[in-house]
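The values are calculated or read from the model by the stated rules, or taken from the named source; none is laboratory data. This is a predicted model, so every value here is computed, not measured. Counting neighbours? That spans all protein chains shown, and the Cβs are built from the backbone with ideal geometry, glycine included.
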Amino acid sequence: MTATDVVTAVLVPLGALFTLIGTIGLVRFPTLLNRMHAATKPDTVGLLLIITGAAFQLPDVRSAAPMFLAAMFQFVTVPVLAQTVGRVSYSRGMVDSERLVVDELEEAVRTTRDDD
Amino acid sequence: MTEGMDTSSAGASTSAVTTRSAGMRLLGRLPTVLWLTLMWVVLWGDPSPGTVIAGAVVGSLCYTVAKLPHIPVRLGFRPWHALRLVGVIGYDLFRSSVHVAFHVLWRPAEVRGAIVAVPMRTDSDFLLAMVSGGLSLVTGSLVIELNRDQGVIYVHGIPIESDGAVDRLRRQVRRTEELFVRAFGTAEDVAEFERGDLGAQGEDR
Amino acid sequence: MNLLDHAFTAAFAMLAAAVLFVLYRLVRGPSVLDRIICLNALSVLVVSFIALEAGLRGDTAYIGLMVAIGLLGFVGTLTATRFAERRAHDRD
């Protein structure tokens with residue numbers, strides 16, 4: 001049992017826990033946007049933790065580098081997906097406005113319509 | 001303090017676009033090809049000369065075949081601020097993930113969200129893209145719409161428990177913007193940002 | 001079994017449970033976008049599984065797959081979302 005093993009033993013289950021809680025949110029949240037928040041971002045944090053933990057078990061840095069490349073791609077692609085899904089769900093009216101405290105986008109859209 | 005370097009390549013800002021020589025065009029594409037080569041080497045996990053050369057060849061080929069448009073990148077880079085940016089985004093990501101995780105387990109049906117409009121103080125396309133990417137990466141905040149003409153972004157955030165949380169969301173957006181501008185903006189971008197910042201404070205009073 | 005093995009077992013179990021939750025939402029829907037999100041979550045889960053496997057065995061053979069699956073998942077999800085968007089506009 002070395003120090004690297006301890007780091008792995010902490011990071012890997014923690015990452016899996018983040019992923020698990022994110023997917024529980026995917027099941028339990030009642031609105032689409034909330035589900036999207038829960039399903040995409042904690043997954044990414046979880047993946048990063050798992051990869052960091054797993055990298056400590058690999059023989060050298062060279063073999064671990066592609067894993068961090070995968071994590072980096074995840075970090076670049078998640079905002080794109082989140083934004084696309086968010087925009088589509090809003091434009092399709094799938095956002096539950098009763099669960100929004102304020103909706104300044106709706107106000108902005110309404111004023112533009114009134115101007116026309 | 002580190003001074004912002006203007007890394008705008010190919011001198012696209014100064015020389016007339018029509019008279020750009022072939023050499024300048026090549027220089028403008030160099031960063032992308034270098035980046036592709038780096039990815040190639042990392043994927044192979046083997047920085048030997050053969051891998052590097054093969055990567056450069058494949059990278060150039062991809063660039064030629066894909067006919068990627070060459071957009072002059074007008075960004076600066078300040079290492080210290082970039083480090084701060086990574087630190088803050090990482091902290092935000094972790095903290096808000098824990099926050100949302102708590103709400104997943106404790107009464108998820110009562111979680112409210114909010115969409116706030118936040119006027120941006122910068123007008124650079126690159127910086128706006130980066131800011132919205134950085135915001136959408138963090139758990140519980142998501143850019144839904146960006147009004148390019150008025151420079152306003154609309155951010156959806158959860159969980160909103162009180163009016164204070166709405167203000168916190170606004171502050172988070174503005175802080176993220178400031179970090180990105182200071183880390184990656186050119187000197188002009190920073191100056192413009194600070195002018196906008198003063199104007200916004202004047203309106204508050 | 002030492003601590004490390006327990007840690008990996010726990011992580012595998014949690015990810016397996018996560019797959020079940022995602023599948024539940026995938027079947028339930030109710031909207032196309034929900035299902036698209038679920039498919040993306042599944043691809044992230046597969047990448048996580050490969051990372052776990054690599055860490056457990058100290059084996060680097062499948063690491064390239066992580067990048068490939070991650071990017072494929074991204075492109076697939078983005079295409080599906082765009083498609084859903086176009087369909088919505090056509091109906092208007």
For segment B:156-190, name all the residues that are in contact with a Leu (Cβ under 6 Å, 6 or more places away or on another chain) and closer than 21 Å to residue A:105 by Cβ. B:156, B:157, B:176
Positions within segment B:120-152 being touching a helix residue (DSSP H, G or I) at 6+ places or on another chain (Cβ under 7 Å) and either surrounded by fewer than 18 Cβ atoms within 10 Å (Cβ to Cβ) or among the aliphatic types (A, V, I, L, M) (or both), in sequence order: B:120, B:123, B:127, B:130, B:131, B:135, B:137, B:138, B:142, B:143, B:144, B:146
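Test of understanding: among A:31, A:40, which residue is out of contact with any strand residue (DSSP E or B) (no Cβ under 6 Å at 6 or more places or on another chain) and buried (at least 23 other Cβ atoms within 10 Å of the Cβ)?
Values: A:31 fails: buried (at least 23 other Cβ atoms within 10 Å of the Cβ).
That would be A:40, the only listed residue that is out of contact with any strand residue (DSSP E or B) (no Cβ under 6 Å at 6 or more places or on another chain) and buried (at least 23 other Cβ atoms within 10 Å of the Cβ).
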Hey, could you check segment A:20-59 for residues that are over 14 Å from the mean Cα position of the chain (by Cα) and more than 7 Å from every other protein chain (Cβ to nearest Cβ) and say which is nearest to residue C:21 (Cα to Cα)? A:31
Go through (1) within 24 Å of residue B:141 (Cβ to Cβ); (2) modelled with pLDDT of 85 or more for residue A:91 and report which single condition fails. (2)
Would you call residue C:64 small (Gly, Ala, Ser) and either within 7 Å of chain A (Cβ to nearest Cβ) or not in a helix (DSSP H, G or I) (or both)? yes
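Quick grid of which residues meet (1) at the interface with chain A (Cβ under 9 Å from one of its Cβ atoms); (2) touching a residue at least 60 places away in the same chain (Cβ under 8 Å):
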site: B:81; (1), (2): no, yes
site: B:113; (1), (2): yes, no
site: B:121; (1), (2): no, yes
site: B:125; (1), (2): no, no
site: B:130; (1), (2): no, no
site: B:137; (1), (2): yes, no
site: B:147; (1), (2): yes, no
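Given the options B:105, B:93, name the one that is surrounded by fewer than 18 Cβ atoms within 10 Å (Cβ to Cβ) and at the interface with chain A (Cβ under 8 Å from one of its Cβ atoms). Reasoning before the result, please.
Details: B:93 fails: surrounded by fewer than 18 Cβ atoms within 10 Å (Cβ to Cβ).
Matching residue, one of B:105, B:93: B:105.
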